[in-house]
Amino acid sequence: MICSRAWGKKQLYLECLKHYNDTVGRRRAAALLSPPSVKEGLRGLFKTVLDDLDDSRNPRICLMARSVSSDVFAEADLKKYVQAETAAFGGALSERLKSAKDAGELPAEFEADVVSQVVSTYLQGLSSRTALLCLDRPRLERQVDLFLTSLGL
């Protein structure tokens, strides 16, 4: 949390990212990892993201998704943090998909690592750009359903 020492903008931004991950990120991770089925978990994750974007008390953009920018990546410690958090999410998603595959929930030919990357990319686009352009919740829900169904999820 912010203390009495003088911090620069970069340190304050890093602390905001950490707080965001500790709150919003934790809630989204629970939505993904808690249900018994990976399909339910992914749909829960996207519902949570859409709920966040649809909430008038929140900005209509994901702080972590927005942090993937040349301005942020120009700062080595910010870049390192964002890359580590992004990799952690991708790794958790990939492991969740692999576990589902091992349990027979997904077909043997399912490529968990590739699908994890595709889902992460779609989620970032949804969280950083799509909601700014048009937050038509029913339309976005249909898109998410088609996206996940097309991936076999």
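The values are calculated or read from the model by the stated rules, or taken from the named source; none is laboratory data. If you're wondering where the values come from, they're calculated on a predicted model, not measured in any experiment. Cβ coordinates were reconstructed from backbone atoms using ideal geometry, including for glycine residues, and neighbour counts include every protein chain displayed. These accessible areas exclude ligands, DNA and RNA; they are computed on the full protein's heavy atoms, side chains included. Shrake-Rupley method; radii C 1.70, N 1.55, O 1.52, S 1.80 Å.
Overview of results
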| read-out | value |
| --- | --- |
| Between helix 137-150 and the chain: long-axis angle, C-alpha atoms, 0 to 90°, nearest 10 | 50 degrees |
| Percent accessible area from carbon and sulfur atoms, the chain, protein chains only, probe 1.4 Å | 57 percent |
| Evaluated over the chain, the Cα radius of gyration and Dmax, each in Å | 16.4, 55 |
| Those aspartates and glutamates that a straight Cα-Cα span of less than 17 Å connects to Lys47, excepting residues fewer than 8 apart in one chain | Asp55, Asp136, Glu141, Asp145 |
| Solvent-accessible area per residue, Å², over the chain with all protein chains present [probe radius 1.4 Å] | 58 Å² |
| Distance (nanometres) between label positions extended 7 Å along Cα→Cβ at Asp55 and Glu141 | 1.8 nm |
| Derived scalar couplings ³J(HN,Hα) [the stretch 112-123; Karplus, 6.51 cos²θ - 1.76 cosθ + 1.60; whole Hz; x for Gly, Pro] | 4, 5, 5, 5, 4, 5, 5, 4, 4, 5, 4, 4 |
| Alpha carbon centroid spacing (whole Å) that separates the stretch 30-55 from the stretch 100-153 | 11 Å |
| Helical mean residue ellipticity (222 nm; -39500 (n - 2.57) per DSSP H run of 4+; nearest 500) of the chain | -20500 deg cm²/dmol |
